Amino acid sequence: MKSILVTGGAGFIGSNFVRYMLNKYKDYRIIVLDALTYAGNRENLADLEGDPSYFFYEGDIRDELVVDNLMSNVDAVVNFAAETHVDRSIHEAGMFIETDIKGAFVLLEAAKKYGVKRFLHISTDEVYGSIEDGSFKEGDLLEPNSPYSASKAGGDLLVRSYLKTFGVPVLITRSSNNYGPYQYPEKLIPLFITNAIDNQQLPLYGDGKNVRDWIYVDDNCSGIDAVLHKGETGKIYNIGAGNERENIFITHTILEYLHKPKSLIKPVKDRPGHDRRYSIDTNEIRALGWKPKHNLEDGLKMTIDWYVKNENWWRKIKEKQAEYQRFYEAQYKDR
Ligand code: NAD
Ligand code: DAU
């Protein structure tokens, strides 16, 4: 496998994955296709500009001509491209259906046409829904609760159908919540770190006791690499590091590390349809020889340090995010 099309490679996990792969495989060629939506940013890959193994195309995965053109010349596809933020899917779900389902369809059609050797679709543990006790296994029922997770589940089912009907060699990963460098400051950890740096309030939803299982982004990248190279065609692999924590714990950890007061926490109205707890069984991926390298404490410190040192990266983005927030609040204040 020498040539890989990485869609959504200018986003958070995609850009970390591209960097990870080019560091590890010196003879690989990575072609990034990214529409540069609000979440995409070429600066996430700035250090790779000029690397002869890295190519960037600005374009949409729903654009058949562009996808056809790129797919004709690659061995494998890793599809990260998606609308990804649950709160945005609650405000406006249309683009989630467009990218997460229609986009996956366009990619699958081209993969079928050109006979790509591996089609790795990046999904999420959110497709299973919420679980009170125990952990979800890959074969469990899909019970998504937000328009985001429902459109991701739709994409997963379409991927499955292209294996069963057309023999496209697909694989799916479903990871838990990622954190690390280059994450857009709308998601819990980067939002709370950057707000705390600026002494702004941290809007904690509901009672703050919802549980997420956190994985450092590099560990997800090594898991995706393991599945791409060693995974069994047609299988789904959960990827998680077993760091289940309540949101209030993450919030206190960030504030303590930055020496900021707990009074910055602002309890706010809960997210509609808010999943209480995510938990996944990771025996399948561990059977490939994968395990995470980072514990939550060190991963969080590295992440907070990164945001402290990279204000240039997030200040511009945070201003755009604030504009979106103001627009949304004006638009939806009566609903
Ligand atoms: P992100 O929002 O940071 O990045 C998404 C990228 O996709 C952006 O670069 C954006 O420009 C691009 N994109 C969006 N629509 C596109 C389109 N129509 N055509 C081409 N490019 C488009 O997302 P992320 O957090 O890096 O997530 C990447 C993938 O991993 C997603 O599929 C997401 O569902 C999945 N995932 C994320 C997490 C997490 O915690 N962040 C956890 C599990 C799974
Ligand atoms: O589980 C994997 C998923 O994790 C990915 O598929 C999604 O793309 C990714 O966005 C993430 O979804 P979550 O909804 O879990 O992540 P988010 O960072 O939005 O929220 C994490 C938790 O923090 C959740 O319980 C809601 C809460 N929260 C979030 C925000 C943005 C707050 O309390 N306040 C906030 O302002």
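Here are some notes:
- Extreme residue, surrounded by the fewest Cβ atoms within 10 Å (Cβ to Cβ), among residues of region 103-138 that are without any contact (Cβ under 8 Å) to a residue 60 or more places away in the chain and over 18 Å from Leu5 (Cα atoms): Asp133
- Count - residues of region 18-52 that are more than 16 Å from ligand 2 (Cβ to nearest atom), buried (at least 17 other Cβ atoms within 10 Å of the Cβ) and of a type in the set (Gly, Ala, Ser): 1
- Considering region 34-120, the qualifying helices (runs of 4 or more DSSP H), each wholly inside and each with 3 or more residues that are within 22 Å of Tyr162 (Cβ to Cβ) and within 12 Å of ligand 1 (Cβ to nearest atom), run over 64-71, 104-114.
- Qualifying residue in region 205-212 (condition: part of a strand (DSSP E or B) and within 30 Å of Lys235 (Cβ to Cβ)): yes
- Those residues of region 175-202 which are near ligand 1 (Cβ under 9 Å from one of its atoms) and among the polar types (S, T, N, Q), in sequence order: Ser175, Ser176, Asn177, Asn178, Gln183
- Of the residues in region 120-140, at least one is touching a helix residue (DSSP H, G or I) at 6+ places or on another chain (Cβ under 7 Å), of a type in the set (Phe, Trp, Tyr) and within 16 Å of ligand 2 (Cβ to nearest atom).
- Residue in region 1-11 that is part of a loop (DSSP other than H, G, I, E, B) and free of Cβ contacts under 8 Å to residues at least 40 places away in the same chain present: no
- If you check Tyr278, Tyr307 for being touching a Lys or Arg at 6+ places or on another chain (Cβ under 8 Å), among the aromatic types (Phe, Trp, Tyr) and either within 29 Å of Thr173 (Cα to Cα) or surrounded by 13 or more Cβ atoms within 10 Å (Cβ to Cβ) (or both), only one passes: Tyr278.
- Breaking point among (1) within 15 Å of ligand 1 (Cβ to nearest atom); (2) surrounded by fewer than 16 Cβ atoms within 10 Å (Cβ to Cβ), for Ile239: (2)
- Strands (runs of 3 or more DSSP E) fully within region 219-279 counting 1 or more residues that are farther than 17 Å from Gly289 by Cα: 244-246, 265-268
- Across region 65-91, the qualifying residues are those that are surrounded by fewer than 14 Cβ atoms within 10 Å (Cβ to Cβ) and modelled with pLDDT of 95 or more, and the one among them that is nearest to ligand 2 (Cβ to nearest atom) is Leu65.
- Qualifying residue in region 53-70 (condition: within 28 Å of Val168 (Cα to Cα) and within 17 Å of the chain's Cα centre (by Cα)): yes
The values are calculated or read from the model by the stated rules, or taken from the named source; none is laboratory data. It should be emphasised that the depicted structure is a prediction, and the values quoted were computed from it without experimental measurement. Please note: Cβ atoms are built from the backbone with ideal geometry, for glycine as well, and neighbour counts cover all protein chains shown.
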